[in-house]
Structures are given as C-alpha cells and as structure tokens.
Amino acid sequence: MANWNDPNVAASGFGAGANAMDQAVDAGLRSYMLSVYNYMGSGVLLTGIVALLAFQSGFTASLIGSPLMWVVALAPLAFVMVLSFGINKLSTMAAQALFWTFAAVMGLSMSTIFLRFTDASIAQTFFATAAAFVGLSLYGYTTKKDLSGFGTFLIMGVVGILIAMLLNAFVFQSGALMLAISVIGVLIFAGLTAYDTQKIKSMYFYVGKSVVMGALTLYLDFVNMFTFLLNLMGSRD
C-alpha cells in the first residue's frame, strides 16, 4: 500500500513536478518579456533611423508650413488607435506589420526635433532616457508591490497633460507652463514605465498579440519620456 504521508514520496514526486513547472513558467516568462523588449527596442531603433534619414534628406524641412505636416504629426495617433481598439480583429502578422509601420511613421513625425535641438543634446537625452527606462522597467518587473492602484491616477495624468498641452499651444503659449508640463510628463511616464512593465508581465499567459501590444505600450512610454525630457534637457539650435 502506498504511504501518502511519506515526505520522501512528496519530495520526489509532486514536489519535483511543481518545481519543474515553476522553472518552465519562469523560463517562459523571461522569453516572453525578452520578446516584448526586442520588439520595443527594434521599434525605437527604426524610429530613430527614419527620423535621422528624413532630416538629412531634407524631407523634414519641406514639411514646415505644409499641410502634410499635420498628416505626419497625426498619423501615429491613428496607428495607435487601430492597434489599441482593433487588436482582437487583427492577426498576429497584421499587428506586427502595423507596429513596424507605426514606428516608421513615428520617425517621420519625430524628425522635427533635429530642427529644434542640437545633435549632442538629443543623444544625451536619449541615453538618459534609456538608463531611466531600464531602471524603472526593472523595478516594475521585480517588485512585489502591486502597482495597479497607480494605473488610474497615471492615466488621468496623461489626459491632463494632453489638455494642458492643447491649451498652451492655442491659448496661453507660455514657456513656463510648457516647462511645468514637461516636468510632470517625465514623472508620469516614468511611473507608467514601471506600472506597464508589471501589467505586461501579468499578461504572460495570454502570449501572442499581447507581445506586440506590450511592446507598443513600452515604446510609447519611452518615446513620451524622451520627448518631455528633451524639452527639459535639450539645447536649442
């Protein structure tokens, strides 16, 4: 008769199986997060290459004062909306294709920073953003603290920033207000980086198109943090 109370049986049977399962989950989770970071990093790289090429070719300068400027500026928002609200209707390949196209179009939109800031300050801000992003994302991945409670507050902060930016662009046109918006923007997207990393980690068991959406989320956190930080740190031409 089997002795179900024998600790040696439990250790060599179900215990070993549980440990093996935990190790498999850990390995799968690392692979999943690596895929998200690879997509995100490749998207940022593509954006940077397209932005630099657009500027060097003279395309960016030709946009100034042209109606096409609004098309280039607003096109990334259209891609984000399609990916965010239509992800369930898209195949994985279609979602990936849209992500790469979005990253390229975002490069065209961001190429105007080369007209406003020096190359050195852009590079310095990029590396500062990258260092902050790595630290914040690592915190979000490793912390045992539940960050979900900050989500609503941070999203409300993003909405508030967008409203403030529109009011400042068309009504106040205040340099001091833009400085305040930039400071708050850096803090909000720093918080979102940690929050989103933890949220993406929890989506591991729904892997598939969630890799693309996770990469898009972190990509937007990085780009927005970089943009606001550039407004603070950047040296203008």
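Key figures for this structure:
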item: Subset of the stretch 213-225 [in contact with a Phe, Trp or Tyr (Cβ under 6 Å, 6 or more places away or on another chain) and of a type in the set (Phe, Trp, Tyr)]; result: PHE222
item: Those residues of the stretch 166-200 which are closer than 21 Å to SER137 by Cβ and modelled with pLDDT under 90, in sequence order; result: none
item: Contacts under 9 angstrom Cβ, first residue in the stretch 211-227 being free of Cβ contacts under 8 Å to residues at least 60 places away in the same chain and closer than 19 Å to GLY151 by Cβ, partner in a helix (DSSP H, G or I) and among the charged types (D, E, K, R), 6 or more apart; result: THR217/ASP196; THR217/LYS199
item: Hits in the stretch 44-60 - residues which are loosely packed, with under 14 Cβ neighbours inside 10 Å and of a type in the set (Gly, Ala, Ser); result: SER57, GLY58
item: Options ILE87, ILE64; residue that is of a type in the set (Val, Ile, Thr) and surrounded by 15 or more Cβ atoms within 10 Å (Cβ to Cβ); result: ILE87
item: Residue pairs meeting the criteria (Cβ under 6 Å; at least 6 apart or on separate chains; first over 23 Å from ALA75 (Cα atoms), in the stretch 109-130; second assigned to a helix (DSSP H, G or I)); result: THR125/LEU229; THR125/LEU230; THR125/MET233; THR129/MET225; THR129/PHE226; THR129/LEU229
item: Failed condition for THR152, given (1) among the polar types (S, T, N, Q); (2) at pLDDT below 95; (3) buried (at least 18 other Cβ atoms within 10 Å of the Cβ); result: (3)
item: Number of the condition not met by VAL158 [criteria: (1) out of contact with any Leu (no Cβ under 9 Å at 6 or more places or on another chain); (2) farther than 17 Å from ALA215 by Cβ]; result: (1)
item: Failed criterion for THR129 (all others in (1) closer than 24 Å to LEU232 by Cβ; (2) more than 18 Å from the chain's Cα centre (by Cα); (3) polar (S, T, N, Q) hold); result: (2)
item: Pick from the stretch 118-139, criterion of a type in the set (Phe, Trp, Tyr) and surrounded by fewer than 19 Cβ atoms within 10 Å (Cβ to Cβ), ranking: nearest to TYR37 (Cα to Cα); result: TYR139
item: Per-region count, the stretch 90-103, residues surrounded by fewer than 17 Cβ atoms within 10 Å (Cβ to Cβ) and either in a helix (DSSP H, G or I) or in contact with a strand residue (DSSP E or B) (Cβ under 8 Å, 6 or more places away or on another chain) (or both); result: 7
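The values are calculated or read from the model by the stated rules, or taken from the named source; none is laboratory data. Here the structure is a predicted model, which is why all the values come from computation and not from measurement. Virtual Cβ from ideal backbone geometry, glycine too; neighbours counted across all protein chains shown.
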